[in-house]
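This report concerns only the one structure given below.
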Amino acid sequence: MENADNLGQSGPFEARYRAFLEAVAQLRPGLHRYCARMVGSVMDGEDVVQETLFEAYRKLDKFDDSRPLKPWLFRIAHNRCIDFLRNRGVRDEAELAAAVPEVVEANQPVVLGVGSAVEHLVTMLPPKERACVLLKDIFDYSLEEIAELVDSTVGGVKAALSRGRVKLASEPPARKPAHKADPELTRIMHLYVDRFNQRDWNGVRELISADARLNVADAFGGKLANAPYFTNYERWSMPWKLAVGSVEGEPVVLILQRGPDTWTPYSLVRFTLAEGEINGIVDYAHCPWVLPSAAAVNIGESA
C-alpha cells in the first residue's frame, strides 16, 4: 500500500483506516496463503496481495462497517487471482470447467486431509475448483460464504468441491513446469550477489539500468534511483549475505541470515532484465510470510 500514510486521512475515515490496518496485519498471512496457492507461486501470490490491499484501500470509503472485513478482502483477492490467471492464459481451463453442469453427485463425498499437502496439490485444479477446495478444506469457510466469494451458488460450490476432491484423491500431482534457465539472468545474478556481498555499490549499480523500477513489497515502489535501497541494507543489524538460489523452481537472489550454526534463507529478491541490465527489482524482505510458504527453497541453484 504505497505511501498510504501520506494521503491525508481525517475524521471518520482516519478511524476506519486505522481499523483497516489493524485487521490487515492479522489477515495478511492468510491472504498470502490463499493467493499463493491460487496462482501457484508464493512471489506472484504476494504481488496479488499487494494489488488486493491497494484496491481495498481505494474502496474503503464504500465499505459497509457492519459487515466483517475478512470475506470482503478475500473476495477482492479471489477476483485478483482470477484476473492474474486469465492474463497468464490459465482461464481457458476454467472456462472448460465452467461448461460442466453444476450438479452434485449423490455418492459419498470425498474427504481430503488438510494442511500443506493439499495446498501444494491444488494448482492441478481449474481455478474454481482450486478456490472451493482451498476455502473449504484449508480455510474452513461455509458453503454459503464460499458461494458469495466465488460468485456462485451453494450447489455450484458443492459440485466444484466434489470434482476437485475426486481429482486430488485419484490423480497424481502434476509437476510444475520448470522455469527455463536464462544464462544471462544467471550471470547477472552471480555478479549482483558477489558485488552486493562486498558492499561494492558502484559495481552493483553498473548492473542496473538508469530507469530501473524498485518494489520493496510493503514499503516502497518507484524508481530505484530515488530510494535509499543499498543504504538500508548497510544499516541492518543482523548478519546477512546474499546467495543465488531458487524458490519453487524460479531463479532468485536469496537473503540469508546467520543462525547459530549456519546461514539460513530469510527472504528473497526477484529480478527482470532488459538488454542485459536489471530493469526491475522486487524485494520481499518486509514480507516474512512469503518464504516459509514456498514449496521448495534451494541455495546455490540458479534454475
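No lab work stands behind these numbers, since they all come straight from the coordinates. Given the structure is predicted, the values throughout are model-derived calculations rather than measurements. Glycine also receives a Cβ, built like all others from the backbone with ideal geometry; neighbour counts cover every protein chain displayed.
What distance in nm separates the simple spin-label points at Lys70 and Arg213, each placed 7 Å from Cα in the Cβ direction?
Simple spin-label model gives 3.4 nm for this pair.
Take Phe139 and Ala15, extend 7 Å from each Cα along the Cα→Cβ direction, and tell me the distance between the two endpoints in nm.
2.9
Would you mind getting me the FRET efficiency between Thr153 and Asp194? Use the beta-carbon distance for r and R0 = 51 Å, nearest 0.05.
Working: r = 57 Å, r/R0 = 1.11.
Approximately 0.35, to the nearest 0.05.
Could you pull out the pairs from Lys62/Lys158; Lys62/Lys223; Lys128/Lys241; Lys180/Lys241; Lys59/Lys158 whose alpha carbons sit more than 29 Å apart here?
Long pairs (Cα-Cα over 29 Å): Lys62/Lys158; Lys62/Lys223; Lys128/Lys241; Lys59/Lys158.
Arranged from highest to lowest average of other beta-carbon atoms within 10 Å per residue, in what order do the peptides 51-61, 144-154 appear?
Descending packing order for the listed peptides: 144-154, 51-61.
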